[in-house]
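Below you'll find the structure, written out as structure tokens, and then a few comments.
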Amino acid sequence: QTIDQFEYDGCDNCETYLQMKGNREMVYDCTSSSFDGIIAMMSPEDSWVSKWQRISTFKPGVYAVSVTGRLPQGIVRELKSRGVAYKSRDTAIKT
């Protein structure tokens, strides 16, 4: 999705937690235009690739294999307080 799409529509998978819809600052904090590889999924629950990438519960769509960058620590703490485990998709960073 583009920045405008995230701001207008929010995130299909994480809107409950990140509330990006209508919040451009949150969109900039929680997205990255720097990524490697793509995965296109039509049936995530049936895809071995989505299971291997641990995204089988995501909505159908196009996803990055790895993303450069991390969420800000304040957002990671907020997610943790809500019981959501954050797993960085940045393969250059070991978590």
What Cys residues in the chain have no fellow cysteine's beta-carbon under 4.7 angstrom?
C30
Assuming 1.002 mPa s and 20 °C, estimate D for the chain with Stokes-Einstein, Rh taken as the Kirkwood radius over Cα pairs, in µm²/s.
152
In segment 1-68, what trypsin sites (Lys or Arg not before Pro) fall in a loop by DSSP, with at most 12 other Cβ atoms inside 10 Å?
R54
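Readers should treat all values here as calculations from the given coordinates under stated rules, not as data from a laboratory. Since the model is a prediction, treat every value here as computed from it, not as a measurement. When we count neighbours, we look across all protein chains shown, and the Cβ atoms used for this are built from the backbone with ideal geometry, even at glycine.
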